[in-house]
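Everything below concerns the one structure shown next.
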Amino acid sequence: MDHAMPGRLPERDRPWVMRTYAGHSSAAASNALYRRNLAKGQTGLSVAFDLPTQTGYDPDHELAAGEVGRVGVPVAHLGDMRALVDGIPLAEMNTSMTINAPAMWMLALYGTAATEQGAELRRCAGTTQNDIIKEYLSRGTHIFPPAASLRLTADVVAYTLREMPRWNPVNICSYHLQEAGATPVQEVGFALATAVAVLDTVRDSGQVPAERMGDVVQRISFFVNAGVRFVEEIAKMRAFGALWDEITRDRYGVTEAKQRRFRYGVQVNSLGLTEAQPENNIQRIVLEMLGVTLSRDARARAVQLPAWNEALGLPRPWDQQWSLRMQQVLAYESDLLEYPDLFDGSHVMTALVDEIVAGARVELDKVLEMGGVVTAVESGYLKSALVASLADRRRRIESGADVVIGVNRFTETEPSPLTAAGAEAIEQVDPAVEAEAAAGVREWRAGRDAAAVDAALDRLRADAATTTNLMPATLACVAAGVTTGEWAGALRRVFGEYRAPTGLSGATGSGGDPSLAAVRERVAATARELGSGRLRLLVGKPGLDGHSNGAEQIAVRARDAGFEVIYQGIRLTAGQIVAAAVEEDVDLVGLSVLSGSHLAAVPAVLDGLRAAGRADLPVVVGGIIPPADAEALRAAGVARVFTPKDFALTGIIDELVTVIRERM
């Protein structure tokens, strides 16, 4: 590079950390995948855990049925963690773990495995996501109530400050807020409200001296979503940085500018990927990557990209490699890293940033005035705001005001050679994985010192009832061979479990849809013919899948069309769904499953309805469901299967009326 050329940096910037979010089936299979990805030039690990692990259940628990190893790797005990990181030098690795409610537990397992490798904890670098607030609002893998959960977060922060100073104990995660409907203004405002709650909890816990709050602040990182409107995304990230600098200086007295730097990693928008013409997802991913890399002053510290086929199912290693190569081409072939910030002095960018800053400050102040983010969660304010925003976004797509290529415009297409092989275009999880994991955890339990396990769990429960930092008791549980489900179960007994507000009460999504009037009349006429006051729809989320956005939007639109909607939230057993269907005397059951567990979860509900004498009750299913699986579900008795390509909600509701009329 010619260093004398004007406008260039004296030395080319180092690239960001390049990760691939990965993990499935088993610890051993995931370990092999990590080793392959690292050999291809990936520079950090990003561990995806399965839903039982994320929600504190062992693989042999009733609620884990159908979910083990699907959306990530099952880690039930120290033996699994050893297998997961076998042969990977943790002292040299930067590891991101997407884990929230059991973040303390997973960090204890990881730290123990690292120590067994001979690594110094002080040298270990990485991140535990550990942001529970967005779980109540979008992802649904919370376990404990908000205050108890923030206590666990603060304990992890205090522990890492002492023992693992290179570790990011919290990754404030606005990623899922955007997927749940947040506008850029809401995403910035709500995420910063979460960060304030974490920092206030740490400060008020008495575990960290006031003069060390700067050290806490500099280890807080963020995890954001980048959508396809990449100019707006650049402005959002610059706004994030400006507000974070202001808050940490004024609220927490952090005087050192370096400690106030906004540090973030990114996963570009997976839910914005389309099942229709999935090859278009490649250019979406590239544009979204530009939104978090083009601006040097607001560039991501770590980037992971989804694969082109994530709207179809689980990506294969080749698909993940393609996404990694996108990052490498940008970082190593282009000249992006040779220049200072490209947007300094741009009046367009400055105005856009100022607009987002002003709006986000209003949102943040509103949350703080109502008592902070915990109150805003418990009151349902935040969830209702997101459900309403997502309803508005869906309405714009349905009306064509927001264009999605291949979905609501330019839908004509040639057959895609990428998907010509059908279900072979995605990774398949072997059904035997679940049985092997369940047998493995039972074998692990049988080989332990039962007295040591009981003593460790007794200590954990006793410490949880006080304000003692829970990390030492958790590490003792790891050493004794306690399992993920036992650790979470002990804390469930002390803290209780939490069911978050659904946010449906104030939301409406029907504005501007002229076809809704006709559907509303069909709903009313069908109810009259059946001799009932209103048609009743039960929306059910079986299993551990907490991604409830689609279920909530169906519930909102069905209610707008005149249905009475029964929606009890996420994480229900088949028995609970069947009981609700019978007790509420519903006309239709709609099940939403996005985790890939549909072939286990749906038949369990159908069997339950037959056993309850309601085989006549029609059941429809929505989710990320490959064509062959959809055929199997219909053969099992499901009346309709809806997938992401069925984006017109009013049309779906009309079809639900047809299903009811077919059974009349």
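The values are calculated or read from the model by the stated rules, or taken from the named source; none is laboratory data. On a predicted model such as this, the values are computed, not experimentally measured, just so you know. Positions of Cβ are backbone-derived with ideal geometry, glycine not excepted, and every protein chain shown enters the neighbour counts. Keep in mind that these areas ignore ligands, DNA and RNA; they rest on the heavy atoms of the full protein, side chains included. Shrake-Rupley method; radii C 1.70, N 1.55, O 1.52, S 1.80 Å.
Annotation: extensible slack from D245 through D607 equals 124.7 nm (criterion: 0.36 nm per residue apart, minus Cα-Cα distance). For the chain, the Stokes-Einstein estimate of translational diffusion at 4 °C and a viscosity of 1.567 mPa s comes to 50 µm²/s, using the Kirkwood hydrodynamic radius over alpha-carbon pairs. Note that the range 1-159 carries a Kirkwood radius of 17.0 Å, evaluated over its alpha carbons pair by pair. Students often forget the sequence filter, so: which lysines lie under 21 Å Cα-Cα from K366 once same-chain residues fewer than 8 apart are removed? Filter leaves K134, K236, K383.
Would you please give the FRET efficiency between D616 and K645, computed as 1/(1 + (r/R0)^6) with r the Cβ-Cβ distance and R0 = 30 Å, to the nearest 0.05?
Details: r = 29 Å, r/R0 = 0.97.
Plugging the Cβ-Cβ distance into 1/(1 + (r/R0)^6) gives 0.55.
The calculated FRET efficiency for V362 paired with R492, based on their beta-carbon distance and R0 = 25 Å, is about 0.10. In the range 187-307, the inverse of the mean reciprocal separation of distinct Cα atoms equals 15.5 Å; this is its Kirkwood hydrodynamic radius.
For the range 461-501 and the range 278-346, what is the centre-to-centre distance using only Cα atoms, to the nearest Å? Between the Cα centre of the range 461-501 and that of the range 278-346, the gap is 39 Å. By accessible area, using a 1.4 Å probe on protein heavy atoms only, the range 54-102 has 44% of its surface on carbon and sulfur. With a 1.4 Å probe and every protein chain kept in, tell me what percent of the accessible surface of the range 113-204 is carbon plus sulfur. Exposed carbon and sulfur together represent 49 percent of the surface. Take the Cα of R325, go 7 Å toward its beta carbon, and the backbone nitrogen atoms of the range 41-70 under 20 Å from that spot belong to 41-44.
Evaluated over the Cα positions of the range 369-418, the convex hull gives a direction-averaged projected area, one quarter of its surface, of 5.9 nm².
In deg cm²/dmol and to the nearest 500, what is the mean residue ellipticity at 222 nm of the chain if only DSSP H runs of at least 4 residues count, each as -39500 (n - 2.57), divided by the residue total? Please list the in-between numbers first.
Details: 24 runs with 310 residues, N = 664.
Calculated at 222 nm, the ellipticity per residue is -15000 deg cm²/dmol.
Could you give the accessible area per residue of the range 116-200, probe 1.4 Å, as a whole number in Å²? Per residue, the range 116-200 has an accessible area of 20 Å². Here the label points at D392 and R663, each 7 Å from Cα along the C-beta direction, are separated by 3.6 nm in the simple model.
Working ranking of peptides 357-368, 154-165 by packing, defined as the average number of other Cβ atoms within 10 Å per residue, highest first, is 154-165, 357-368.
Using the scaling law 2.2 N^0.38 Å as the reference, what is the normalised Cα Rg of the range 513-664? Each step should come with its number before you reach the end.
Numbers: Rg = 14.2 Å, N = 152, 2.2 N^0.38 = 14.8 Å.
Cα-based Rg divided by the globular estimate yields 0.96.
Using a probe of 1.4 Å on the protein chains alone, the accessible area found for E398 is around 50 Å².
So what does log10 I(q)/I(0) come out to for the range 303-444 at q = 0.10, 0.11, 0.20 Å⁻¹, using the Debye formula with one equal point on every Cα and no solvent? The calculated log intensity ratios at q = 0.10, 0.11, 0.20 Å⁻¹ are -0.80, -0.95, -1.17. Think of a 1.4 Å ball rolled over the protein heavy atoms: the range 467-608 then has 35 Å² of accessible area per residue.
Between L342 and A257, the C-beta separation translates, for a Förster distance of 25 Å, into a calculated FRET efficiency of about 0.70. With only the Cα atoms considered, the range 121-199 has a convex hull volume of 87 Å³ per residue.
About the Cα centre, and with charges only on the beta carbon of Lys, Arg (+1) and Asp, Glu (-1), how big is the dipole of the chain? Nearest 20 debye, please.
Values: 66 positive and 82 negative charges, 137 e Å.
Here the chain has a charge dipole of around 660 debye.
Length available on full extension from R82 to D215: 0.36 nm per residue minus the Cα-Cα distance, which gives 44.8 nm. Taking a spot 7 Å from the Cα of E584 along the direction of its beta carbon, which residues of the range 534-560 have an amide N less than 11 Å from it? 536-541, 555, by backbone N distance to the label point.
Between E163 and R409, what length in nm is gained on full extension when 0.36 nm per residue of separation is reduced by their alpha carbon distance?
83.1 nm
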